[in-house]
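Working notes, structure below.
FYI, it's all coordinate maths here, none of it is from the lab. Everything numeric here is computed off the predicted structure, so don't read it as measured data.
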């Protein structure tokens, strides 16, 4: 296999980059440790103080783990309660939807029955009007006859009284009695 100059250059570059990455991975922990050592040396802390600090940090870590455990348990209980409430909500929502559907059906039935009753009422009112028309005509005829009878009787009675009192020119019917008047609405025809 023969490599061209450009392929050789590319291979060398890739090897150099890979070597630098490998060197960075190997040297990184050493560099971090050295920097921590330099920092510790700059504050003049002894190994015993580092141990105390490490022990305090371990205690804090244990407290944090305990707090995390309590928070995790609490969160778990909250999520379980939330799930329970979501199930209850879903049940309520489905019950509400069923009630809304039943209400809608009931309202629709009520409106249909109301419409039917209105149609029956209108039909009966028309029947009653047809039945009442002859009676209304008869009642009108009876009123006319009554008014004519009252006028004739008033003319007979009041015209005789007019002989005694010339100011009588009107009459009225009150309580099935004829009253002769000097002023009024119904004029006499004497």
Inter-centroid distance (Cα atoms) of the range 123-190 relative to the range 79-108, Å: 73 Å
What number results when the radius of gyration of the chain, computed over Cα atoms, is divided by 2.2 N^0.38 Å? 3.59
Between the Cα axis of helix 5-42 and the main Cα principal axis of the chain, the angle (0 to 90°, nearest 10) is 90 degrees
